[in-house]
Amino acid sequence: MAANDEDLLQLRLVTKELEACLKRNWLLQTENDRLKQEVTLLQTDVHYLKEQHKDRSLSFSNNLEISTESISPTKHTTQIKSHRGIEVKTGDKERPHQLPKPTPKATCLDLPQEVNEKKLPVRTATVPPPPPPLPSKLLLGSPNAVRRVPAVMEIYRRLTRRETKTDNKITNSGTPVANTRDMIGEIENRSTYLLAIKSDVEAHGDFIRFLTKEVENAAYKDISNVETFVKWLDGKLSYLVDERAVLKHFPQWPEWKADALREAAFNYRDLKNLESEVSSFRDNPKQPILLSLKKMQEIQDRLERSVHNTQRTREGTSKRYRDLQIPWEWMLDAGAISQLKLGSVGLAKEYMRRVARELQTKDFTQKEDLILQGVRFAFRVHQFVGGFNAEAMHAFKELQKVITGCYGQQQHIRT
């Protein structure tokens with residue numbers, strides 16, 4: 001009966017997950033269509049801005065070239081009547097022009113007919129030295145005054161209405177196109193991401209509340225059971241698009257205990273993996289001695305570092321684990337640490353045996369450094385563990401015998 005209920009619960013969960021996936025697929029498709037329409041509109045606006053910028057740049061270049069070539073500095077305007085009819089005197093001829101009203105108290109340079117027919121603004125200049133520019137407030141009533149153009153602001157808002165607040169300034173050198181493309185990509189990615197999170201929150205609410213109770217009620221005596229539970233929990237939460245982002249919508253989620261369970265399981269697994277590596281290590285006689293000794297020293301370094309880190313944080317961590325009903329005895333010296341130290345003794349045995357074999361095949365001049373390395377490593381492991389076992393003691397005696405023989409041979413050669 002209990003098995004049938006469990007199967008029924010699993011079937012319901014799978015059904016809900018399937019319905020949520022279908023709903024999320026529909027939402028994503030709808031959002032994709034909407035974003036495609038926005039992309040089309042934005043691309044049209046960008047094309048319009050590029051064409052407008054191109055036309056203005058070309059018009060400005062032509063105006064500047066014509067004005068530079070045609071304006072004569074030796075002829076001056078002697079009379080200005082009104083902004084609708086300006087009489088420009090060039091010798092004895094007078095000709096009315098339809099030009100904007102110039103700034104008051106400024107003298108206009110004589111313009112040829114072909115320039116005036118294009119209705120270009122009058123380029124103003126004064127007798128040197130030129131006066132300073134007038135304040136902007138005094139130009140408000142002039143036809144040449146700078147005014148706000150609502151259309152420009154409207155286009156700018158349309159292009160940047162969803163952009164995040166940044167300090168980047170858009171210039172006229174093509175940067176708006178690049179920024180618009182980045183903005184489009186950001187909108188698409190962000191909208192899809194948020195919709196996926198919202199869909200997970202709505203679809204998996206019951207299941208997350210079920211996991212919440214499981215984490216709160218988790219109480220194990222063996223750390224290996226914690227490993228199994230954490231593996232199961234991570235497998236269930238892996239279906240979420242973003243675990244942290246989804247779970248923050250559930251205030252009841254015991255984040256502190258879930259993180260502590262993971263921490264305990266991962267730390268224990270790291271120690272067990274290191275213990276397995278150390279205990280299964282066997283020296284390869286065909287490998288160069290320097291490479292073999294270096295590898296054993298690196299393993300010893302990692303082993304000591306792991307043990308010291310565990311011992312350093314053991315007091316505070318064990319108290320926190322006890323409060324959360326998480327096994328903590330494996331952190332004691334009699335737990336995983338004792339197995340690591342035993343593996344370190346085996347590593348020292350391999351090290352001393354390799355050094356002893358190598359000493360029997362080398363001259364004394366090459367043996368001194370090797371003897372020193374072997375003795376140092378043996379002493380290092382002895383102090384770290386607190387002694388040697390029977391096998392390590394036997395290996396040390398063999399090394400000691402070889403070292404004594406080397407020094408005796410050298411003394412015999414000297415005498």
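What pairs come up if the first residue lies in the range 386-400 and is within 19 Å of Asp283 (Cα to Cα), the second is of a type in the set (Ser, Thr, Tyr) and surrounded by 15 or more Cβ atoms within 10 Å (Cβ to Cβ), and their beta carbons are under 9 Å apart, counting only those six or more places apart or on different chains? From residues that are within 19 Å of Asp283 (Cα to Cα), the pairs are Ala395/Tyr351. Can you work out which of the residues in the range 199-252 that are part of a helix (DSSP H, G or I) and of a type in the set (S, T, N, Q) is nearest to Arg269 (Cα to Cα)? The selected residue is Ser224. With respect to Ile326, determine if the residue is touching a Phe, Trp or Tyr at 6+ places or on another chain (Cβ under 8 Å) and closer than 22 Å to Phe266 by Cα. Yes; evaluated as a whole, the condition is true for this residue. Would you confirm whether or not the range 295-310 contains a residue that is open to solvent by less than 90 Å² (accessible area, probe 1.4 Å), assigned to a helix (DSSP H, G or I) and basic (Lys, Arg)? Yes: one or more hits.
Is the range 346-367 home to any residue that is free of Cβ contacts under 8 Å to residues at least 12 places away in the same chain and closer than 21 Å to Gln300 by Cα? No, the range 346-367 has no match at all.
Restricting Leu233, Leu240 to residues that are out of contact with any Gly (no Cβ under 9 Å at 6 or more places or on another chain), open to solvent by 10 Å² or more (accessible area, probe 1.4 Å) and within 26 Å of Glu6 (Cβ to Cβ) narrows the list to Leu240.
Here are some residues: Leu399, Leu372, Leu342. Which one is open to solvent by 30 Å² or more (accessible area, probe 1.4 Å), among the hydrophobic types (A, V, I, L, M, F, W, C), closer than 21 Å to Ser292 by Cα and modelled with pLDDT under 90?
Criteria check complete, one pass: Leu372.
Among the candidates Glu277, Glu298, Glu263, Glu304, the residue that is closer than 17 Å to Phe229 by Cα, among the acidic types (Asp, Glu) and either touching a Gly at 6+ places or on another chain (Cβ under 7 Å) or not assigned by the TED database to the domain that holds Asn217 (or both) is uniquely Glu263. Being open to solvent by less than 70 Å² (accessible area, probe 1.4 Å) and farther than 24 Å from Leu11 by Cα narrows it down to one residue among Val226, Val201, Val215; which is it? Only one candidate qualifies: Val226. Evaluated against (1) in contact with a Ser or Thr (Cβ under 8 Å, 6 or more places away or on another chain); (2) without any contact (Cβ under 8 Å) to a residue 12 or more places away in the chain; (3) open to solvent by 80 Å² or more (accessible area, probe 1.4 Å), Asn284 falls short on exactly one condition, (3).
The values are calculated or read from the model by the stated rules, or taken from the named source; none is laboratory data. Because the structure is a prediction, the values reported are computed rather than measured. Every residue, glycine as well, gets a Cβ built from its backbone with ideal geometry; the counts of neighbours run over all protein chains shown. Note: accessible area is taken over every heavy atom of the protein model, side chains too, but ligands, DNA and RNA are not part of it. Shrake-Rupley method; radii C 1.70, N 1.55, O 1.52, S 1.80 Å.
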